[in-house]
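Notes follow the structure.
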Amino acid sequence: MPGSAIRSNEAPTFALPPAVEMLWGVRERSSRGPRRGLSLERIVAAAIDVAQAEGIGGLSMGRVAAELGAATMSLYRYVSAKDELLMLMVDTAMGPPPGPRLSDDGWRAGLSRWAQGARASYQRHPWSLRVPITTPPLGPNMVAWMDDGLRCLAGTPLSEQEKLSSVLLLSGFVRNEATLSLDLRTAASDGHIMPGYGAMLGRLINPATFPSLQRAIDSGSLDDDDDMDSEFDFGLARLLDGIAVLAERPDVPPG
């Protein structure tokens, strides 16, 4: 997903995790040891199965090893730590991006499809929202998502930094909305998020102290039936409106 990747002649300031290097084909995969049936892909797939069924809280190297019928220490020939495994799991779970925009698409349609695709990936793998973001995109899929978002903005007058910032902003919106939606669904066991919220607030607040909130209560807006899909569509549209202010600047040559 979004992040900044800067080409430089200087040496990188951090070493790539060995498993990431294996995914990119810049490190030879180990074939030693008694568990020759193990592979990085099998380990990651098993870990995703555990997380999907039990959540991130149920994930451990020992639990993944048990899922594979292997010794825990045998996993460390492929991944050096749980944090590294989590990074690979998220990259695999996100999958490839929606793909090149259609020939008649504009930048807005491309980014909308990008955002909807990212949201769908989070919804398929809600556990991935509980994994902290600790690095810029490193895995092949996440880097492909970043490239795809930038490609949607090709031909606009945005600078490369503005394109990166726009994709980062969009990524943050999608992740935040998906996390909020997951939290609310988890809390609302009957599918309804605190019914009667407006009426409840109306009994608590002093209209003179909270006049704007009182107007919202009186309008019924706090008790409407808008679902999270509608909220996502509204937020995405407003965010794209903001990018449009830059992307559709007149008299600026495409970047």
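The values are calculated or read from the model by the stated rules, or taken from the named source; none is laboratory data. Please read all numbers here as calculations on a predicted model, not as lab measurements. All Cβ positions, even for glycine, are placed from backbone atoms using ideal geometry, and neighbour counts span all protein chains on display. Ligands, DNA and RNA are stripped out before the accessible areas are found, and what is left, the full protein with its side chains, is counted by its heavy atoms. Shrake-Rupley method; radii C 1.70, N 1.55, O 1.52, S 1.80 Å.
Taking the condition of a type in the set (K, R) and either assigned to a loop (DSSP other than H, G, I, E, B) or over 30 Å from L158 (Cα atoms) (or both), does R42 pass?
yes
Which residue pairs have Cβ atoms under 8 Å apart, sit 6 or more places apart or on different chains, and have a first residue in the stretch 218-229 that is within 13 Å of A199 (Cβ to Cβ) and a second that is modelled with pLDDT under 80 and assigned to a loop (DSSP other than H, G, I, E, B)?
D223/P195; D223/G196
For the stretch 64-84, enumerate the residues that are under 26 Å from L16 (Cβ atoms) and assigned to a helix (DSSP H, G or I).
V64, A65, L68, T72, M73, S74, L75, Y76, R77, K82, D83, E84
Residues that are aromatic (F, W, Y) and open to solvent by 20 Å² or more (accessible area, probe 1.4 Å): find the helices (runs of 4 or more DSSP H) completely inside the stretch 125-244 holding 1 or more of those.
160-187, 197-204
Across the stretch 88-124, what is the number of residues that are open to solvent by less than 50 Å² (accessible area, probe 1.4 Å) and not aromatic (F, W, Y)?
21
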